[in-house]
1. Taking 45 Å as R0, compute the FRET efficiency from the Cβ-Cβ separation of Val327 and Met402 and round it to 0.05.
2. Cα to Cα, under 24 Å, and not fewer than 8 places away if on the same chain: which lysines meet these conditions relative to Lys228?
3. Within 10 Å of each candidate Cβ there may be at most 10 other Cβ atoms; applying that plus a DSSP loop requirement, which chymotrypsin sites (Phe, Trp or Tyr not before Pro) in region 258-288 survive?
4. Assuming 0.36 nm per residue, please report the length gained on full extension of the stretch Leu378 to Thr155 beyond their Cα-Cα distance.
5. Leaving out same-chain residues fewer than 8 places away, which lysines sit with a Cα under 24 Å from that of Lys455?
6. Apply the Karplus curve 6.51 cos²θ - 1.76 cosθ + 1.60, θ = phi - 60°, to the phi angles in region 284-297 and return the couplings in whole Hz, x for Gly and Pro.
7. Mind ordering 45-51, 242-248 by average Cβ neighbours within 10 Å, highest first?
8. Two decimals is fine: what's Rg over Rh for the chain, C-alpha atoms, Kirkwood radius as Rh?
Amino acid sequence: MRFKLFTLSFLSAALFLGCGGDDGASQAAKFSQPLAVPPVLAPVRTNGVDLYDLTAAAGSRAFISDRPATPTYGYNGMGYLGPTIRLTRGQAARIAIHNQLPADPSQMGSMPDTVPGATSVHLHGLEVPDTADITPHGCCSPLAPGGSATGAVFTPDQPSATLWYHPHPHMDTGRQVYMGLGGLMILDDPADAALGLPSTYGVDDIPLIVQDRRFKADGSFDYLSQPKDMEGMMGDHILVNGVESPYKQVAATRVRLRLLNASNRRAYLFALSDGRAFQQIGTDGGLLPAPAPVTEVMVPAAGRAEIVVDFSGDSGRNLTFASRAFVEAPGRGDGDGASSTLKEGAPFPIMQFRVGAAVPSSSLPAKLATLPTLTTGLVTVTRLFDLERGADDTINAKLFDMNRVDEVVKAGAWEIWSVTNYAGDIAHPWHVHGIQFRVLDRSTGALAPNDQGWKDTVRIAPGETVRMLMHFDKQDGLYMYHCHILEHEDMGMMGQYMVKP
Ligand code: C2O
Ligand code: CU
Ligand code: CU
């Protein structure tokens, strides 16, 4: 069992006080509330640079009808989550943050060594210098409550993609995200407008930020109250854009869904409950070469997928969007990490689409993007990363140390990173900052379409090795790589790599 010393006292206190979770109150699929769509944050342009201003603050939100409102965090007065940042390829931008979070040292989940309420902003998936994050690479010396900070100017130069932003203060990321901090970041390459993909935001181009949460009887989030929570927080209530089990009215037409798994730990095997095929058009870092017909897509924590669902023949019908059953650790039981009555890999409904009148839509283009051919011919270095061999939350037997650079990479190099989930009984979502890479192969078998585009977050199952082709062609700097189960990351399952000439 994964039981960390410094959490023992507060965990046992929590258990004795009986403030455990929501056992038995299983997810009721009501589909009674409309889906909210996060507003797009209008930037302020000065001297050709778009400034996106974020204010992090406490708020509250009534998530569940029969319980008091939940104390939350959110950006820009939203109470929970934040506005969508919309960047354009080639357009200079920067992010500013004003930290109005409470400096309450008693907040559950705050670990020793953290400044209570200190936060940062990491631009997940963007290939920009580490200084574009608020506090370099988001992790260390985060911004104390009351402070403001502005990241360095950056100019995105990568394909259109669905990315996101979230806090990254070491040892408090999990709690801050669970409380509600995070938001979508869409990057548009103007050249892709010619593809004619569904692109009316909130209408036929719909962001879905999917999260699971566990609530206490008093309505508050039930964060880290049980020993197994250290395996990664899970919950039995499914929120989409901060609304529990919502419905969304759509026209009978092709609809693009931008799926972001912003959960602390849970992976989703997204599918329509009638089992129909849909087209996957994009992965974490951009469009696929061509639409890929699939009936399900596995998205690990922090991953994204863009899909197009054809509702043309469905006027008047209601369709359920769901997560299908899957086995987390084939041959190894279901892992020991299930801290929710809704286990990892259990099937459950997520939301409902209510299909209205028909609206004609053009078919998808046969070709979406040109990706470089996958060749290892230029690779000069292969690095091995061993997850949790010997000790929990380690990478290559080490816990994170902000004063240690784990890997030094030559600028411009082609490398293979081979990541092994050697002996674990749960899957780890492997994430690397500052780069989009390609998956070369999985030791367990074939690659799904979701493995075949630009990636920054890859699920690595127990016993599996995944090899990635990395080309460090963008910029020098100090970046992180880590498991994106936020509690693992907070416990130290993270390392740093330096790119230099
Ligand atoms: Cu979503 Cu260190 O990242
Ligand atoms: Cu990242
Ligand atoms: Cu992990």
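1. 0.80
2. Those lysines meeting the cut-off are Lys4, Lys216, Lys343, Lys398.
3. Working: sites: Tyr268, Phe270, Phe278; in loops: none.
Loop-located and lightly packed - none at all.
4. Length gained between Leu378 and Thr155: 77.6 nm.
5. Excluding near neighbours in sequence, the set is Lys367, Lys410, Lys474, Lys500.
6. For region 284-297, the Karplus-derived couplings read 3, x, x, 6, 6, x, 8, x, 10, x, 9, 10, 7, 9 Hz, x marking Gly and Pro.
7. My ranking of the peptides, most packed first, is 242-248, 45-51.
8. Result for the chain is an Rg/Rh of 0.93.
Here, each number is a calculation from the coordinates, and none is a lab measurement. Everything quoted here is computed from the prediction, not taken from an experiment. Glycine gets a Cβ as well: all are built from the backbone with ideal geometry, and neighbour counts include every protein chain shown.
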